[in-house]
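Below you'll find the structure, written out as structure tokens, and then a few comments.
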Amino acid sequence: MHRKPVIAIVGRPNVGKSTLFNRLIGQRVAIVEDTPGVTRDRLYGEGNWLGQPFVVIDTGGILFGDDDPLVEQVRVQAQVAMHEADCILFLVDARDGLTPADEEIADLLRKGNKPVLLLVNKADNPQQWESQRAEFFALGLGEPIPISSIHGHNIAEVLERAFEQIRAQPAPPDEEAESEEPVKIAIVGRPNVGKSSLLNAILGEPRAIVSEIAGTTRDPLDTPFTWKGQPVILIDTAGIKRPGKVQRSLEYYAQMRAMRAIQRADVAVVVIDATEGITHYDRRIAQLAADAGRGLVWAINKWDLKEPPDGNLAQRTPIKKDFERLMQQQVKWLDYAPHVFLSALAGKGIEPLLDTCMTVADFHCMRVGTGELNRQIQEWLFERPYTRKGKTLKIYYATMASVRPPTIVLFVNEPKMVHFSYLRYLENQLRSRYEYTGVPIRWVIRAAHEEREK
């Protein structure tokens with residue numbers, strides 16, 4: 001299988017990179033707002049041009065000569081994106097004209113060995129464009145292409161020329177085709193609990209911007225990698241805030257996107273701050289993942305600040321046992337979710353976390369055969385029969401109708417008789433027999449009359 005071509009969009013802040021990104025992939029993924037610097041991290045998406053899939057990277061706006069440490073990190077992100085890309089789209093703004101920042105970025109791009117297309121956004125006025133063309137030629141990056149990312153003007157020409165440039169490059173070696181579906185892991189949690197630090201620790205590179213400023217990550221970031229031979233996609237998300245704090249549209253869209261990230265995942269890693277303990281909002285976020293039917297893993301971050309980092313983080317210590325006991329009391333209904341203690345900044349506990357996620361992903365799609373499931377259900381029913389108002393519950397038939405999450409349909413004599421406490425008993429028996437670590441189990445109760453007639 002050939003590697004998909006990669007196209008990176010770079011440029012100074014607020015020239016329309018995210019709008020162009022959304023246009024190229026055909027959906028609204030990147031946050032678009034007039035506030036400069038909204039996109040701070042690399043954001044990956046997939047588009048299609050005449051049947052050829054390709055990957056697009058949106059980057060934070062590049063700024064030079066600024067002492068802001070965030071700006072420096074944004075510049076690094078863009079440079080990494082340029083390194084990954086097969087073709088670079090350098091976006092400038094016709095309304096602003098040529099700026100010193102554009103010239104500095106052009107200098108950076110000329111030093112690279114990647115093909116670059118110079119795109120002049122917001123060039124809606126043909127007469128004005130004719131007078132501006134020479135100005136942008138001065139950047140020394142070839143003929144400028146006038147576009148309107150918001151209206152889609154000239155986007156087809158951009159893609160045609162981008163693919164011409166890509167085909168002209170030496171073909172990269174073929175990648176071995178992956179037969180397995182990637183496991184999708186969403187990293188979720190409150191702002192500033194260390195989600196981006198965790199993603200960086202997993203990947204071993206500065207993939208997401210890490211800052212003490214809460215809410216630094218706003219876009220969900222999909223990053224493919226391989227763990228012990230298994231393809232994985234990591235989804236980093238904006239911090240989920242309590243409703244009262246979501247005031248601006250930017251934060252609202254970021255929160256909605258985090259929710260969609262949970263929906264797309266197989267496993268949700270809920271990151272909590274060990275120094276603060278589990279909060280109401282940590283529980284809320286975990287419940288959102290459980291309600292969505294995702295696998296669930298608690299990542300207890302910053303444990304090195306809670307307990308001296310001398311020992312092995314995987315070792316069960318009295319402090320860990322007390323912390324787990326307290327968590328179990330506070331989220332009894334999620335007691336199936338495993339805990340992993342780690343320090344993202346120190347890079348400790350990462351391997352146990354990923355191993356746990358892969359185990360949970362396996363259980364998330366594990367199916368118990370109908371014959372075996374019925375034998376087990378009848379055995380558990382015999383061991384603990386259920387009677388209510390003189391009637392005995394009968395389970396005539398059981399089937400695991402679907403997985404991701406495992407969903408069991410029970411055909412019974414009286415659906416109203418099935419109390420949640422008895423379902424809890426059956427679930428405990430199921431977990432005792434098949435584990436189903438970190439996975440919610442759903443039950444559907446139906447009347448058995450039609451089933452028995454059949």
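The values are calculated or read from the model by the stated rules, or taken from the named source; none is laboratory data. Note that the structure is predicted; figures quoted are calculated from it, not measured. Here the Cβ positions follow ideal geometry from the backbone for every residue, glycine too, while neighbour counts run over all protein chains shown.
List of remarks:
- Test: residue in the range 416-427 that is of a type in the set (D, E, K, R), over 30 Å from N200 (Cα atoms) and under 37 Å from the mean Cα position of the chain (by Cα): yes
- The single condition from (1) crowded, with 19+ Cβ neighbours inside 10 Å; (2) part of a helix (DSSP H, G or I); (3) touching a Lys or Arg at 6+ places or on another chain (Cβ under 8 Å) that A290 fails is (3).
- Residue check, S179 at pLDDT below 90 and in contact with an Asp or Glu (Cβ under 9 Å, 6 or more places away or on another chain): no
- Residue within the range 378-400 that is in contact with a Lys or Arg (Cβ under 8 Å, 6 or more places away or on another chain), more than 16 Å from N413 (Cβ to Cβ) and at pLDDT below 95 present: yes
The rows are residues; the columns are (1) free of Cβ contacts under 8 Å to residues at least 24 places away in the same chain; (2) touching a strand residue (DSSP E or B) at 6+ places or on another chain (Cβ under 7 Å); (3) surrounded by 15 or more Cβ atoms within 10 Å (Cβ to Cβ).
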site	(1), (2), (3)
R388	no, no, no
M417	no, yes, yes
Y422	no, no, yes
N428	yes, no, no
A448	no, yes, yes
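- Within the range 113-126, residues that are assigned by TED's automatic domain parsing to the domain that holds G140 reach partners that are of a type in the set (V, I, T) and in a loop (DSSP other than H, G, I, E, B) with beta carbons closer than 6 Å, at six or more positions or on different chains, in the pairs L119/I147; N121/V15; N121/I147.
- Residues of the range 330-357 that turn out to be in a helix (DSSP H, G or I), surrounded by 19 or more Cβ atoms within 10 Å (Cβ to Cβ) and among the hydrophobic types (A, V, I, L, M, F, W, C), as a count: 5
- Some residue of the range 315-326 being more than 30 Å from S402 (Cα to Cα) and in contact (Cβ under 8 Å) with a residue 24 or more places away in the chain: yes
- Residue in the range 431-445 that is within 41 Å of the chain's Cα centre (by Cα), part of a helix (DSSP H, G or I), acidic (D, E) and within 22 Å of P338 (Cα to Cα) present: no
- Residues considered: G239, G244. Of these, the only one that is crowded, with 21+ Cβ neighbours inside 10 Å and either at pLDDT below 85 or among the polar types (S, T, N, Q) (or both) is G239.
- Cross-chain or 6+ apart pairs with Cβ under 9 Å, the range 159-176 first and over 15 Å from F54 (Cα atoms), then modelled with pLDDT of 70 or more and surrounded by 12 or more Cβ atoms within 10 Å (Cβ to Cβ): A168/P115; Q169/D86; Q169/C87; Q169/K114; Q169/P115
- Hits in the range 349-403 (condition: under 23 Å from L296 (Cβ atoms) and in contact with a Phe, Trp or Tyr (Cβ under 8 Å, 6 or more places away or on another chain)): G349, L354, M358, F363, M366, V368
- Some residue of the range 377-386 being farther than 17 Å from G438 by Cβ, in a loop (DSSP other than H, G, I, E, B), in contact with a Ser or Thr (Cβ under 8 Å, 6 or more places away or on another chain) and without any contact (Cβ under 8 Å) to a residue 40 or more places away in the chain: yes
- Per the conditions (1) at pLDDT 60 or above; (2) of a type in the set (D, E, K, R); (3) under 23 Å from P352 (Cβ atoms), the sole criterion not satisfied by D222 is (3).
- As a summary of the residue check, H364 satisfies the conditions (1) modelled with pLDDT of 90 or more; (2) surrounded by fewer than 18 Cβ atoms within 10 Å (Cβ to Cβ) except for the one numbered (2).
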